[in-house]
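Here is the structure we will look at, set down as structure tokens.
The values are calculated or read from the model by the stated rules, or taken from the named source; none is laboratory data. Keep in mind that this is a model prediction, so the values were computed, not measured. All Cβ positions, even for glycine, are placed from backbone atoms using ideal geometry, and neighbour counts span all protein chains on display. Keep in mind that these areas ignore ligands, DNA and RNA; they rest on the heavy atoms of the full protein, side chains included. Shrake-Rupley method; radii C 1.70, N 1.55, O 1.52, S 1.80 Å.
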Amino acid sequence: MAATSAATQTFAVRDSDGAQTVGRNTWTAAGNARVLMVGAGGIGCELLKDLVLSGFKNIVIMDLDTIDVSNLNRQFLFQKQHVSKPKAYVRTLILFLLIGHKPVASESALRFNPAANIVAHHRSIFDAEFNVSWFRSFDLVMNALDNIPARKHVNLMCRAANRPLIESGTAGYLGQVAVHLKNTILLFGKEEDGDISTSPDENAKEIEDLKREADELKSIKSNLSSPDFAKLVFEKIFIRDVQRLLEMSEMWENRAPPVPLSYNTLDIERKNIQSIATGVDRNLKVWSLVENFSIFCESISILANRLVQENLVDSEFSMSFDKDDDDALDFVTAITNLRAYMYGIELQSRFKVKEMAGNIIPAISTTNAIIAGLMVLQAFKILSKNEEECKNTYLVHGGQRTQIICGEAPPKPSKTCGTCQAGYFTIHIDTHKFTLGQFVNKVLKQDLQVDGEISINESGRMIYDPDFEDNVTETFEVLKISGVNGRLLVLVDNDDDEEKNVAINFFVVHKDNAISYELDGDRNFPVRYVAKAPADERRTRTDEDEEPSNKKTKADGNEGENSIVEVEDDEYVILL
Amino acid sequence: MTNSNGPSKEQKYDRQLRLWQAHGQLALEDSKILAINACATVTESLKNLILPGIGSFTILDATITTPQDAGNNFFLDRNSLGKPRGECAVALLNELNPDVAGVHVFEDPSKIIAANSEFFEKFNLVIASQLSQADVNALSNICFSKNIPLMIVRAYGFIGYLRVQTNEHCIVESHPESNLDLRLDSPFKELIEYSDSFNLPALESMDFAHVPYAVILLKSLQEWKSKLCSKHNNALPQTGSDRNAFKDLVRSLKRPGVEDENFEEALVAVFRACSPTTIPLNISAILKESKSKIIAADTPSFWIIARAVANFVDETGYLPLAGIVPDMKADTESFVKLQTIYRDRAHQDALKIHTQASSLVSAAAVATPPNIEEVSRFCKNARNLRIVRTSSIASELTESSNKAAEIGRLAEDLESNIGLYLGLRAVDAFYTANRRFPGFHDQEVESDIGLLKKTVASMLLKMGLSAGLLNDDLIHEIVRAGASELHTMASLMGGICSQEAIKLITAQYVPLNNTFVYNGMKSVGGSFEF
């Protein structure tokens, strides 16, 4: 028991140390704040550590990923025995197992803060359950994400729930932290107004070609378990398809035609080669033509076999490319190189192909540590109600950019941003009874008094517009507007009065036996900016373009702790 | 590819290998790092170096873990209380990466610095925190004389500080924003032949639209030189009006009605194409310096290859070709051909320099002569070599008058972080005088404010600066923070310190020269050269 009281005392002292620097009120606010952390990857690991050691006690973690070997160079809360387990799950397990126990490893963030209440979900942030009112249950949301769609979604939800968001991203040595308060802009491009118009070109020749193609592929696929499968695939794509292309002689008037490969020749040569290099060489050395051929044959039969096995269990099973699947990567590398060879394009190493096909952005712990530290500093500003002191911060290269870290005030809402310039409502209805017509007339026209041409979308699906009123008598249930699909974007266009152009988001919540509807949201929504006649998009080049300057650094991708990193020289506070 | 010992390094390090490549990783794995004092800022720095796989680390620390340490340091906990801080931190740090071995030395850093300077020779980077000014001064002298890079890092309340000291750091891969070396003004034989193979008037429209802009400029420059250059007193169009005349010439080659993206690209590149291919001043200085060095068994590859390049330049008048072609509008065939021409030429240059370097080392019995990959890398970056030589920290602290005037000027800008720098120097002086930091004890905050003001005044006086340079608000803030090391500041500064450490170890990118100060209250950073 003596140990317990000593420990209690210990933590009292510890708290006072942090509290002294941060300020007692802020420290208390951090302890009381309910924080949502979306993403438990490279930045996420650092962020959780920093939060727990900075007095934060109520943290909800959301992550859909599982742990990969290539995470271990930076995601320090995970070790090799955790590979392929869900990130969020491992985290909870680690944290809860260690409460009150002797720490076994560096696995615990919680041992420092036994009072902390950390919950982790191995779920998608897009799930319908995580709706506006759920977001509203947090005081602060922190994104440590690796993809743009999820970032945009969290941004929208925070905007709808009126909750502050701290956004982060890194790519190699670069990184950024952006603070999204109620009236600052969405950095990830404007929300697109859904509009689909397709007019398929019904070309008889094309259909005939497609049919032949389908038959050909079907016949190859029926030979999936045949020992000749590799040969069948090879002969189709590297011989017959190429020959067909060569017949279109006009295509090759101005460029070098591809040279079809020969299966038989390569198959004979293959028998003479030594086994392909292993280890580092296998990845970094560019394979020769025959090596590519050999790996193509090996990997395609492994993959075909896997498909056959899986189909026994699940006839619907299909395969998709996973850059961390060694056989899939072998296959993609070999097939890409074989094709490149035919066209006289430079062959690439497996390492490089992985980077290109997997859209990989370099990720390192140093950058993540810096960015997570900066995020918590911004969190202190928000929790101490000093929002006006918040900065968007950028980590830049040393050398020419000597500041290393630059801060600037978050930009004001952009009038062209669809997320800023929109209204947000949660609408409670009985989706089995409430019809689209009622929505248009009662909610939009009578209650919100919108005036103009109304069009209604559900994630790109057109539900209603002035020329398409077929759905007005249908209920929301029939139109499948509820749950995951329960967000409507209403656009109002008024040619006579620009002030009446608006965009309104409605998050639909089903309520059994609701009479009519209940609307929850700020009725003072902004006017929507509508672009004038499209300006000449073509950039006119001026002499300035010639000067050797490279103002923008942009990194973009869908993997790693990457994000858009956009840096403008002249926006920095230049200190020296 | 997973073996019984766990995942391969290649898999584990995949994401970072894309940043610094296999040779950067080897440099990292060869590094032996000394960390002085296992406070949060230092263990956070180590964490970010252990994860990517440094060779080994040693923690030098003679303190016993306090509750404050356990509270702000991820690598210490309740069970560390009362035990040696370094020992406990090493135990947890060692769990981060089975490929990295760490040890601790339970000795007072002050004593080692004072009495055992050989101790430091085992390491190729030293990271230190929580040292007195006198110890920093002495350690700076040791590291400077032994050419061991030294980094002093600290998180003091909301102030972050990093100082890098290295007396010679040579960088081949400086990663400039652009590395364009097309030699359009002075084309080599293969390039002229390639350009001549295009007969513009005879080309079909489709081909015409796909003539690479390099060819358009080569042809335009050829015409300029033969017809117009006498009128313009110069072989290359260099003045604004010359360039405009040259642009007209380029435009005159266009064919009406044919897509002209390639011509637009050519016009944008006119400025660069018309800049004569010269040897940048800083590069000639490096080459000149290489000639003054006597190549011995321990001469670094950098200087051996630099010497070989210097000989190449003497012979040919040019640096070796970089061999890189930027993306341009062209059909695949002509683009690949153009790439091949540059690559082959660059390869030939590199081979010549490699031969040259090999003969230089054969005379000096150099253990590992530069290999062709190393030479090729050097040649590719020959226009962007960098050498960083920082001042020593000892000189900054003792000969402060040198920089004092500049510091005074910078301090007048209240937004500048120089005030924080002066504040940190003052708390160190305070510590030297009082053996504690201002505001360390809650009950002494008020009295310490007065004491620190006096310290600041006398420090500024010694530096020859006006006593009012530091504002009272800052002094209050510094005392209020009471020397506490906030975890999030420690994590941030540990991140920045390790980021610069990786640049130093891999010799890629240009590291900080030499001081970075972060203001955690205002979220702004600033770097200074002291």
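Other chains' Cβ within 10 Å of B:72-78 residues: what's the mean? So the per-residue partner count for this stretch is 6. What is the ratio of the Cα radius of gyration of region B:454-517 to 2.2 N^0.38 Å, where N is its residue count, to two decimals? Taking N as the residue count of region B:454-517, the ratio is 1.56.
In this simple spin-label approximation, B:Glu177 and A:Asp324 carry label points 7 Å from Cα along the Cα→Cβ vector, and these lie 3.6 nm apart.
Between A:Val286 and B:Lys291, what FRET efficiency comes out of the Förster formula 1/(1 + (r/R0)^6) with R0 = 56 Å and r the beta carbon distance, rounded to 0.05?
Numbers: r = 38 Å, r/R0 = 0.67.
In this case the efficiency is close to 0.90.
Our compactness index for chain B, the C-alpha radius of gyration over the empirical 2.2 N^0.38 Å, is 1.20. Is any residue of region A:440-454 close enough, with backbone N under 15 Å, to a label point placed 7 angstrom from the Cα of A:Ser516 along the Cα-Cβ axis, and if so, which? Correct set: A:440-449.
Counting each DSSP H run of 4 or more residues in the protein assembly as shown as -39500 (n - 2.57), what helix-only mean residue ellipticity at 222 nm follows after dividing by all residues, to the nearest 500 deg cm²/dmol?
On the way: 38 runs with 452 residues, N = 1106.
That calculation yields -12500 deg cm²/dmol at 222 nm.
Of all lysines in the structure, those lying under 20 Å Cα to Cα from B:Lys254, and not within fewer than 8 positions of it along the same chain, are B:Lys219, B:Lys225, B:Lys227, B:Lys329.
Report, to the nearest whole %, how much of the accessible area of region A:429-525 belongs to carbon and sulfur atoms, 1.4 Å probe, protein only. For region A:429-525, the apolar C and S fraction of the accessible surface comes to 42 percent. Each part gets one Cα centre, and for region B:168-205 versus region A:438-470 those centres are 59 Å apart. DSSP bridge analysis restricted to chain B gives an antiparallel fraction near 55%, rounded to the nearest 5. With 32 Å as the limit, the listed pairs A:Lys152/A:Lys236; A:Lys221/A:Lys352; A:Lys236/B:Lys189; B:Lys32/B:Lys522; A:Lys80/A:Lys271; B:Lys32/B:Lys293 have A:Lys152/A:Lys236; A:Lys236/B:Lys189; B:Lys32/B:Lys522; A:Lys80/A:Lys271 beyond it between alpha carbons.
Using a Förster radius of 35 Å, what is the FRET efficiency between B:Ile64 and B:Asn141 based on their Cβ-Cβ separation? Nearest 0.05, please. Show your work: numbers first, answer last.
Numbers: r = 29 Å, r/R0 = 0.83.
Here the calculated transfer efficiency is 0.75.
For the residues of B:321-327, the average number of beta carbons from a partner chain within 10 Å of their own beta carbon is 0. The peptide list A:140-148, B:441-449, B:78-86, A:489-497, put in order of mean Cβ contacts within 10 Å with the highest first, becomes A:140-148, B:78-86, A:489-497, B:441-449. Ordering A:Ser299, A:Asn283, A:Leu347 by the projection of their Cα atoms onto the charge dipole of region A:279-349, which places +1 on the Cβ of Lys and Arg and -1 on the Cβ of Asp and Glu, puts A:Leu347 at the extreme positive end.
Between B:His23 and B:Leu397, 0.36 nm times their residue separation minus their Cα-Cα distance comes to what?
Values: separation 374, 0.36 × 374 = 134.64 nm, distance 3.67 nm.
That pair, B:His23 and B:Leu397, stretches by 131.0 nm at full extension.
In this simple spin-label model, placing a label point 7 Å from the Cα along the Cα-to-Cβ direction at both A:Glu298 and B:Met206 gives a separation of 4.1 nm.
Against the criterion of solvent-accessible heavy-atom surface with a 1.4 angstrom probe, A:Lys381, A:Lys85, B:Lys462 sort, most first, into B:Lys462, A:Lys85, A:Lys381. For region A:417-534, the solvent-accessible area with a 1.4 angstrom probe is 50 square angstrom per residue. Between the beta carbons of A:Val259 and B:Glu190, assuming R0 = 35 Å, the FRET efficiency works out to 0.90 to the nearest 0.05.
Tally Lys/Arg at +1 and Asp/Glu at -1 over every other residue whose Cβ is under 14 Å from the Cβ of B:Ser252; what's the total? Don't skip to the answer; put the middle values down first.
Details: positive: B:Lys219, B:Lys227, B:Lys247, B:Arg251, B:Lys254, B:Arg255; negative: B:Glu223, B:Asp248, B:Asp260.
Surrounding charge for B:Ser252 is +3.
Taking the C-alpha atoms only, the angle from helix B:401-411 to the longest principal axis of chain B is near 80 degrees.
The distance between label points at A:Asp209 and A:Asp496 comes to 5.1 nm (points 7 Å beyond Cα on the Cα→Cβ vector).
Beta bridges assigned by DSSP with both partners in the protein assembly as shown are antiparallel in approximately 60 percent of cases. Chains A and B together bury roughly 8100 Å² of accessible surface, counting both sides and using a 1.4 Å probe on protein heavy atoms.
Answer rounded, prolate or oblate for region B:421-498, using the Cα gyration tensor with square roots of eigenvalues a ≥ b ≥ c: rounded when a/c is under 1.5, else prolate when a/b is larger than b/c, else oblate. Display every interim value, and only then the final one.
Working: a/c = 2.00, a/b = 1.35, b/c = 1.48.
Since a/c reaches 1.5 but b/c is at least a/b, the shape of region B:421-498 is classed as oblate.
Simple rule: put +1 on each Lys or Arg Cβ and -1 on each Asp or Glu Cβ in the protein assembly as shown, find the dipole, and look at B:Asn97, A:Pro227, B:Val136; the Cα lying farthest toward the positive end is B:Val136.
Remark on region A:274-399: Rg and Dmax equal 22.4, 68 Å (Cα only). Its Cα centre serving as origin, chain B has a Cβ charge dipole (Lys and Arg +1, Asp and Glu -1) of approximately 860 debye.
Over the residues of the protein assembly as shown, compute the C-alpha Rg and express it relative to 2.2 N^0.38 Å.
Values: Rg = 32.6 Å, N = 1106, 2.2 N^0.38 = 31.6 Å.
Compactness ratio reported: 1.03.
The C-alpha atoms of chain B define a longest principal axis, and helix B:213-223 lies at about 60 degrees to it.
Quick one: grab the alpha carbon gyration tensor of region B:189-273, order the square roots of its eigenvalues as a ≥ b ≥ c, and give me rounded if a/c is under 1.5, else prolate or oblate depending on whether a/b is larger than b/c. Numbers along the way, then the final one.
Values: a/c = 1.96, a/b = 1.46, b/c = 1.34.
Prolate.
Can you give the relative contact order of chain B as a percent, counting alpha carbon pairs under 8 Å and 6+ residues apart? Don't skip to the answer; put the middle values down first.
Values: 859 pairs, mean separation 109.1, N = 530.
Here the relative contact order equals 21 percent.
Simple point charges give the picture: +1 on the Cβ of Lys and Arg, -1 on the Cβ of Asp and Glu, and for the protein assembly as shown a dipole about the Cα centre of about 3380 debye. Centroid-to-centroid, using Cα positions, region A:353-368 and region B:74-102 are 30 Å apart.
Highest mean first, what order results for B:166-172, B:291-297, B:39-45 on Cβ atoms within 10 Å?
Values: B:166-172: 18.6, B:291-297: 10.7, B:39-45: 29.1.
So the order, starting with the most tightly packed, is B:39-45, B:166-172, B:291-297.
In terms of its Cα atoms, region B:281-387 spans 50, 28, 23 Å along the principal axes, sorted from long to short. Let a ≥ b ≥ c be the square roots of the eigenvalues of the Cα gyration tensor of region A:204-357; is it rounded (a/c under 1.5), or, if not, prolate (a/b larger than b/c) or oblate? Verdict is oblate for region A:204-357.
For region B:397-481, the dipole from Cβ point charges (+1 on Lys and Arg, -1 on Asp and Glu) about the Cα centre works out to 380 debye, to the nearest 20.
Take each residue in B:491-504, count the other chain C-beta atoms within 10 Å of its C-beta, and the mean is 6. Comparing A:Leu444, A:Ile454, A:Ile371 along the charge dipole axis of region A:356-459, the residue lying farthest to the positive side is A:Ile371, per the Cβ-charge model.
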